[in-house]
Each structure stands twice: as C-alpha cells, then as structure tokens.
Amino acid sequence: MVKKYEYSDYAGFDCGGVEIGLKTWGELEPRREGEPIINFLVDDIHAFFDRLRSSGVRIVNEPSEVPWGGTIMLFEDPDGNLLQATEINWRKFYKAAYKGK
C-alpha cells in the first residue's frame, strides 16, 4: 500500500487501484458504537442489497437514505464482522456539503 494523502483524521492509501481509507474521530466527536467500519461504495445499492440477500448474507440494516445524499446499509461478513455499503447521490452530497458556503 502507498499512502496517497493524509489529514488530521483520515489517511487514504492506494491498494492496487482501490483506495483504502483509515479514519479516526480524533477530537472531532466521540467514538461511535460499531466504528471503525469498512465501507464499500456501490453504484446501485438496491441491486447490491438484493444480491446479498439472495445469497444468504445477514443484513443488519436495509438501505436507508441519510441527509447528506447517501443511501447506506449494514451487513455482516461470514465471520460476523459489520460492513457497510454506500451509494452516493453526488448532487445531493455536494448540495449538503456546501450549504451556506
């Protein structure tokens, strides 16, 4: 892995063309239950959800929209580790991110 960039609470690494991000909440806010977590960005979260469910994957939370323009879901890997998938509506994301700026 090669470090691409680093901020005070996040570092991005190139891992064979896939970015792996490591994040800490640092002083920004208290640690939240269940974090850190591996997150997969997907183009169609509902198709991804259907594929996982039909394959027998344990779904923890079905896809749900969040205010910043994403739709997220939680599921478990075969060992019971919690994973997340996110589809981002970039138009809503940028509107939320730059609101009032």
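The values are calculated or read from the model by the stated rules, or taken from the named source; none is laboratory data. Given the structure is predicted, the values throughout are model-derived calculations rather than measurements. As a convention, Cβ positions derive from the backbone with ideal geometry for all residues, glycine included, and neighbour counts pool all protein chains shown.
Which residue is surrounded by the most Cβ atoms within 10 Å (Cβ to Cβ), if the candidates are limited to segment 57-89 and must be over 14 Å from residue 40 (Cα atoms) and small (Gly, Ala, Ser)? Across segment 57-89, the extreme among qualifying residues is 69. Residue selection: residue 11 fails the criterion of being in contact with a Pro (Cβ under 8 Å, 6 or more places away or on another chain) and at pLDDT below 90. Looking at segment 92-101, which of the residues that are over 16 Å from residue 41 (Cβ atoms) and of a type in the set (D, E, K, R) is modelled with the lowest pLDDT? The residue in question is 101. On the stretch given as segment 82-101, residues that are touching a residue at least 12 places away in the same chain (Cβ under 8 Å) and either in contact with a Leu (Cβ under 8 Å, 6 or more places away or on another chain) or not charged (D, E, K, R) (or both) total 13. A search for C-beta distances below 9 Å between a residue of segment 1-26 that is of a type in the set (Gly, Ala, Ser) and surrounded by fewer than 10 Cβ atoms within 10 Å (Cβ to Cβ) and any residue that is at pLDDT 75 or above and not in a strand (DSSP E or B), counting only pairs 6+ apart in sequence or on different chains, returns 16/1.
A quick yes/no check of all residues on (1) modelled with pLDDT of 90 or more; (2) farther than 21 Å from residue 97 by Cα; (3) assigned to a loop (DSSP other than H, G, I, E, B):
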| site | (1), (2), (3) |
| --- | --- |
| 39 | no, no, no |
| 52 | yes, yes, no |
| 57 | yes, yes, yes |
| 60 | yes, yes, no |
| 64 | yes, no, no |
| 67 | no, no, yes |
| 71 | yes, no, no |
| 74 | yes, yes, no |
| 79 | no, yes, yes |
